[in-house]
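Accompanying notes for the structure given below.
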Amino acid sequence: MRIGVVTFPGTLDDVDAQRAVRIGGNEAVALWHGDHDLKGVDAVILPGGFSYGDYLRCGAISRFSPVMTEVIEAAGKGLPVLGICNGFQVLCESHLLPGALIRNDHRRFICRDQRLRIENADTAWTTAFEQGQEIVVPLKNGEGQFVADAETVARLEGEGRVVARYLEVNPNGSVNDIAGIANEAGNVVGLMPHPEHAVEELTGSGTDGLGFFTSLAARVFA
């Protein structure tokens, strides 16, 4: 499958995401923030970093990039979209996902290997996992605290739209230990930890993140 990886000014992990896409057996297609063209890709990844220097709010400026006009429209038609860290923030700013990501409750940047539990293995990006599977992937953020009003949180929990949850420690104060969520259709997923840094044994913390980059093909050819 052809998976587009968007580069915004300040993006740090686009090359890592492209590599993870290739290791997952797919073709990585570079997408530029200033283009009105998704190049016919089968899915899109919004990678981590500090798009536009995180000025204003994280992801708030990227949301108005020309490429996001195309991503928002395509996501509404079912295109799979994965937002990682800053990409998760962009998805929330674009209203493709509810809630917001704010400064960590301890007011410090955090970088650690984080244990997660996969709560929803039925989204476009998680079918390679088992429901309840525990994985370890790197986490690195300063504004990773997921917040939402009580009604929204209840809806996310009740509809099974919490994709991943922090285990052992809540690293940023996210409500209900939420590390990732999905939209109603399950094609759009936002995840604060970085699975693209856990796709090969030689580097990082193992290969637990690889499932996020193999799930699309597994879903298509199941």
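The values are calculated or read from the model by the stated rules, or taken from the named source; none is laboratory data. Bear in mind that the values here come from a model prediction, so they are computed numbers and not experimental data. Positions of Cβ are generated from backbone atoms using ideal geometry, with glycine treated the same way; all protein chains shown enter the neighbour counts. All accessible areas refer to the heavy atoms of the entire protein, side chains included, with ligands and DNA or RNA removed. Shrake-Rupley method; radii C 1.70, N 1.55, O 1.52, S 1.80 Å.
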Rounded to the nearest Å, the spacing of the alpha-carbon centers of the stretch 165-186 and the stretch 1-32 is 24
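Rounded to a whole number, what is D in µm²/s for the stretch 1-156 from Stokes-Einstein with the Kirkwood radius over alpha-carbon pairs (20 °C, 1.002 mPa s)? If you can, show how the numbers build up before the last one.
Values: Rh = 16.2 Å.
D, rounded to a whole number, is 132 µm²/s.
When DSSP assigns beta bridges and you keep just the ones with both residues in the chain, what percent turn out antiparallel, to the nearest 5?
Numbers: 22 of 38 bridges.
Beta bridges within the chain, antiparallel portion: roughly 60 percent.
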With only helices counted (DSSP H, runs n ≥ 4, each -39500 (n - 2.57)), the per-residue ellipticity at 222 nm for the chain, to the nearest 500, works out to -6500 deg cm²/dmol
Of the stretch 69-112, those with amide N under 11 Å from the point 7 Å along the Cα→Cβ vector of His36 are 69-70
Length gained, Ala185-Ala154, 0.36 nm per residue minus C-alpha separation, equals 9.4 nm
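What's the longest bit of the chain with no exposed GluC sites (Glu not before Pro), using DSSP loop states and at most 14 other Cβ atoms within 10 Å as the test? Let's see the in-between values first.
On the way: sites that count: Glu130, Glu159, Glu168, Glu184, Glu201.
For GluC sites (Glu not before Pro) (loop position, at most 14 other Cβ atoms within 10 Å), the longest site-free span of the chain is 1-129.
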Given unit charges at Cβ for Lys, Arg (+) and Asp, Glu (-), the dipole magnitude of the chain about its Cα centre in debye, nearest 20, is 260
Over the chain, with neighbouring protein chains present, the accessible area per residue in Å² at probe 1.4 Å is 41
Rounded to whole Å, √(5λ) for the Cα gyration tensor eigenvalues of the stretch 140-197, largest first, gives 18, 14, 9
